[in-house]
Amino acid sequence: MSILIDRDTTFIVQGITGREAVNLTRECLDYGAGAKVVGGVTPGRKGREVHGVPVFDTVAEAVEHHGAAINGSVVTVPPAFTKDAVFEAIENGVQLVVIVTERIPRADVAQMVELAALRGARIIGPNCLGIVVPDEIKMGGIGGPAKDAVKAYSPGPVGVISRSGGMTTEMSSTLTAAGLGQSTAVSIGGDAIIGSTYAELMPLFEADEQTEAIVIYTEPGGRMVAELAEWVREHASRLPMVAFMAGRFMDEMPGMSFGHAGTIVEGREDSAAEKIARLGAAGITVAQEISEIPGLVKERLGVTA
């Protein structure tokens with residue numbers, strides 16, 4: 001099993017004729033069972049093809065051509081047009097939108113998240129690399145080319161959630177090298193406002209029979225860690241969790257911001273030390289280094305080898 005996507009998930013790529021989107025589409029088609037990319041959308045480019053994927057002017061045209069509802073969309077359009085693209089996807093029945101684009105105005109992101117909630121859709125991102133179910137399907141640029149993604153990700157019992165796209169792959173690769181595969185890995189995005197937080201994804205992992213543990217990568221700033229800790233306590237999560245907190249040095253440099261937009265520390269509650277304390281109080285083990293994660297996961301799972 002998995003969460004969010006599986007080998008039968010159909011999706012489109014909005015902005016498919018852009019250079020990065022062309023590469024992303026190839027990566028998705030080549031990985032695992034081969035993603036079902038049923039169309040691409042770039043206004044004014046109808047009739048073209050990208051790696052055999054037909055291009056349309058609108059999402060409505062893509063849905064009509066497919067002849068059935070389309071499950072998801074990967075959005076790679078420029079920041080100024082992202083809100084319109086996401087609105088178009090959701091209003092045409094797309095239930096899962098992965099937004100790769102970064103530097104989108106916060107007001108636009110807030111409106112996209114609000115519309116998704118109203119329509120029962122889910123947004124992953126923005127500023128993310130997407131989702132991968134090892135050896136099955138990837139939706140987005142996560143893991144890079146298929147030949148590289150297949151080395152980093154392997155099927156198994158550990159769910160991975162990360163604010164950093166690159167660290168999603170780094171942590172999964174570390175787990176894979178230690179014989180711990182992943183059920184689903186999700187790059188949730190590093191912006192201050194995102195569509196799906198740790199706590200919002202937890203019910204999906206809880207319900208997934210394959211998932212037996214969770215690994216998260218987080219950073220100072222924002223309220224997501226506090227929300228996760230509260231969720232774990234309130235729901236008595238069955239899943240042992242191991243977290244890695246990056247940017248601990250930021251506690252010694254007040255007023256400075258590093259990395260993602262979401263790492264803005266506005267007060268003591270946003271600091272790395274406070275977040276680590278909250279995680280520990282919720283029973284979540286915090287690794288000092290990435291290399292410690294596999295051993296800590298095995299310990300929490302009771303694996304001796």
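The values are calculated or read from the model by the stated rules, or taken from the named source; none is laboratory data. None of these values were measured; they are calculated from a predicted model. For neighbour counting, all protein chains shown are included, and Cβ atoms are generated from backbone atoms with ideal geometry for every residue, glycine included.
Filtered by the rule that a residue be at pLDDT below 55, in a helix (DSSP H, G or I) and buried (at least 19 other Cβ atoms within 10 Å of the Cβ), segment 262-305 gives Gly262, Thr263.
For the subset of segment 177-204 comprising residues that are of a type in the set (Val, Ile, Thr) and surrounded by fewer than 22 Cβ atoms within 10 Å (Cβ to Cβ), which member is nearest to the chain's Cα centre (by Cα)? In this case the residue turns out to be Thr197.
For segment 194-244, residues that are under 19 Å from Gly165 (Cβ atoms) and among the basic types (Lys, Arg) total 0.
I'd like to know if segment 6-13 contains one or more residues that are more than 24 Å from Ile161 (Cα to Cα) and at pLDDT 95 or above.
Here is the first cut: in segment 6-13, the residues more than 24 Å from Ile161 (Cα to Cα) are none.
No, every residue in segment 6-13 fails to be more than 24 Å from Ile161 (Cα to Cα) and at pLDDT 95 or above.
For segment 86-99, filtered to residues that are more than 18 Å from Gly190 (Cα to Cα) and within 19 Å of the chain's Cα centre (by Cα), the residue that is surrounded by the fewest Cβ atoms within 10 Å (Cβ to Cβ) is Gln95.
Within segment 169-200, take every residue that is hydrophobic (A, V, I, L, M, F, W, C) and assigned to a loop (DSSP other than H, G, I, E, B) and give me the one that is nearest to Tyr153 (Cα to Cα).
Here is the first cut: in segment 169-200, the ones hydrophobic (A, V, I, L, M, F, W, C) are 171, 175, 177-178, 180, 185-186, 188, 192-194, 199.
Those left that are additionally assigned to a loop (DSSP other than H, G, I, E, B): 178, 180, 188, 192-194.
On the way: Ala178: 12, Leu180: 10, Ile188: 17, Ala192: 27, Ile193: 27, Ile194: 24 Å.
Taking the candidates together, the pick is Leu180.
The number of residues in segment 214-233 being under 19 Å from Met171 (Cα atoms) and surrounded by fewer than 21 Cβ atoms within 10 Å (Cβ to Cβ) comes to 0.
Suppose the filter is within 18 Å of the chain's Cα centre (by Cα), modelled with pLDDT under 95 and outside any loop (DSSP other than H, G, I, E, B); does Val242 pass it? In short, no.
Can we say Gly40 is in contact (Cβ under 8 Å) with a residue 60 or more places away in the chain and closer than 26 Å to Val109 by Cβ? The answer is no for Gly40.
When segment 134-158 is filtered for residues that are over 23 Å from Thr10 (Cβ atoms) and in contact with a Leu (Cβ under 9 Å, 6 or more places away or on another chain), the ones remaining, listed by number, are Ser154, Gly156, Pro157, Val158.
Of the residues making up segment 16-54, those that are surrounded by fewer than 24 Cβ atoms within 10 Å (Cβ to Cβ), in a loop (DSSP other than H, G, I, E, B) and of a type outside the set (Ser, Thr, Tyr) are Gly18, Gly32, Ala33, Gly34, Pro43, Gly44, Arg45, Lys46, Gly47, Arg48, His51, Gly52.
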